[in-house]
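For reference, the structure is listed below as structure tokens.
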Amino acid sequence: MKRLRSSLQNLCAAARARQASQRLALSGLLLLLLLCSFPRQASAIFGIGDVVFDPTAVEQLIAEVGQAVRIYNQAVTTYNLLQTELRMITNRSTWLALATSLRNTVIQDIHGESSLMGSVVNGSGGSAQQAWQNATSRFRDIAYLAGETPGDSVHLSSAASVEMTDGFAQDALANLGDFRRLQPQVNSAIASLEQREQSLSDADNTPVAQQNITNAALLQLIRLHQSDAALHAATLEQLTVANTWQRNAAVEASNTYGAAIASRQAAPSDFAGAGNTVRDFVAQ
């Protein structure tokens, strides 16, 4: 920036010097014209007295002076424009914004059931699958499921919901742990970029440097969107498995009602006392 200013100043000085010399030449020319306006004898054409005057030379000289003036004005305009474009904003601290960091989760562990959960969700390492298995109960005595048909068994539907819950929950735990683990690195990169953006040095405020800072900010934003997308995907998985539980409960209620209607139609005598009050079935 300093070299650009020096070059522009030299250009302006040269233009001023040229304009001054052109003005001096024009003044001399005008004086010469004034002197020539008084006719005198001269042997210019066939020995006959005449006044010698070249309008072409005068017109060319005037044109050169006008061109010099235009060059000077253009140089001044260019210098002022560049000076305006390169002028930095010195008070940029008011633009700074604050963000809330994701804090570590504190999980109470009584007898080892949650011993791995805290380290997994806080990004300290560990197996999300093992942490989830330690914190949940397992299937037992489910050999009867082997004789059931998928899509036609409320028990298999519930088992599928449990299995999806396990898989999606482990995915959510892993994504959450990765987000917290990478958060210090992201914060450090943002702080470094913010320091360059707030810098008042010439090296950090050139057009190329400012463009690089802008590109870095856009790239950081893309990375943050990638992390957000992973968390949103985990959230959608949780909503999906929650829908299966609600759906299975609604289907089971409908199936139970349908079975009751079918049984009543098949054996009406079994529902003969359905209209009596509870008092009629209580021992007196």
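The values are calculated or read from the model by the stated rules, or taken from the named source; none is laboratory data. Everything numeric in this text was worked out from a predicted model, so none of it was measured. Cβ sites come from the backbone with ideal geometry, for glycine too, and all protein chains shown count toward neighbours.
Going through (1) without any contact (Cβ under 8 Å) to a residue 60 or more places away in the chain; (2) surrounded by 10 or more Cβ atoms within 10 Å (Cβ to Cβ); (3) in a helix (DSSP H, G or I); (4) not polar (S, T, N, Q) one by one, Val241 falls short only on (1). Could you go through the stretch 184-194 and let me know if any residue there is touching a Lys or Arg at 6+ places or on another chain (Cβ under 6 Å) and closer than 30 Å to Trp95 by Cα. So far as the stretch 184-194 goes, no, none of its residues is touching a Lys or Arg at 6+ places or on another chain (Cβ under 6 Å) and closer than 30 Å to Trp95 by Cα.
Matching residues to (1) within 23 Å of Leu239 (Cα to Cα); (2) within 42 Å of the chain's Cα centre (by Cα); (3) not assigned by TED's automatic domain parsing to the domain that holds Gln246:
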site	(1), (2), (3)
His111	no, no, yes
Met117	yes, yes, yes
Ala128	yes, yes, yes
Ser153	yes, no, no
Leu156	yes, no, no
Ala160	yes, yes, no
Glu163	yes, yes, no
Asp166	yes, yes, no
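Taking every residue in the stretch 58-84 that is in contact (Cβ under 8 Å) with a residue 40 or more places away in the chain and pairing it with any residue that is loosely packed, with under 11 Cβ neighbours inside 10 Å and part of a helix (DSSP H, G or I), at least 6 positions away or on another chain, yields no pair with a Cβ-Cβ distance below 7 Å.
Among the residues in the stretch 70-84, are any modelled with pLDDT under 80 and assigned to a loop (DSSP other than H, G, I, E, B)? No, there is no match, as no residue in the stretch 70-84 is modelled with pLDDT under 80 and assigned to a loop (DSSP other than H, G, I, E, B). Whenever a residue of the stretch 98-121 is aliphatic (A, V, I, L, M), its partners that are in a loop (DSSP other than H, G, I, E, B), lying with C-beta atoms within less than 6 angstrom and at least six residues away or across chains, give the pairs Ile107/Ser114; Leu116/Gly126; Met117/Ile107; Val120/Gly126; Val121/Thr105.
Looking at the stretch 98-204, the helices (runs of 4 or more DSSP H) lying wholly inside it that each contain 1 or more residues that are modelled with pLDDT under 90 sit at 154-198. Selection of first residues in the stretch 140-160 that are within 17 Å of Thr256 (Cα to Cα) and of second residues that are among the aromatic types (Phe, Trp, Tyr) and assigned to a loop (DSSP other than H, G, I, E, B), restricted to Cβ pairs under 7 Å at least 6 apart or on distinct chains, gives an empty result.
Of the residues making up the stretch 166-206, those that are under 30 Å from Leu82 (Cβ atoms), free of Cβ contacts under 8 Å to residues at least 24 places away in the same chain and surrounded by fewer than 16 Cβ atoms within 10 Å (Cβ to Cβ) number 5.
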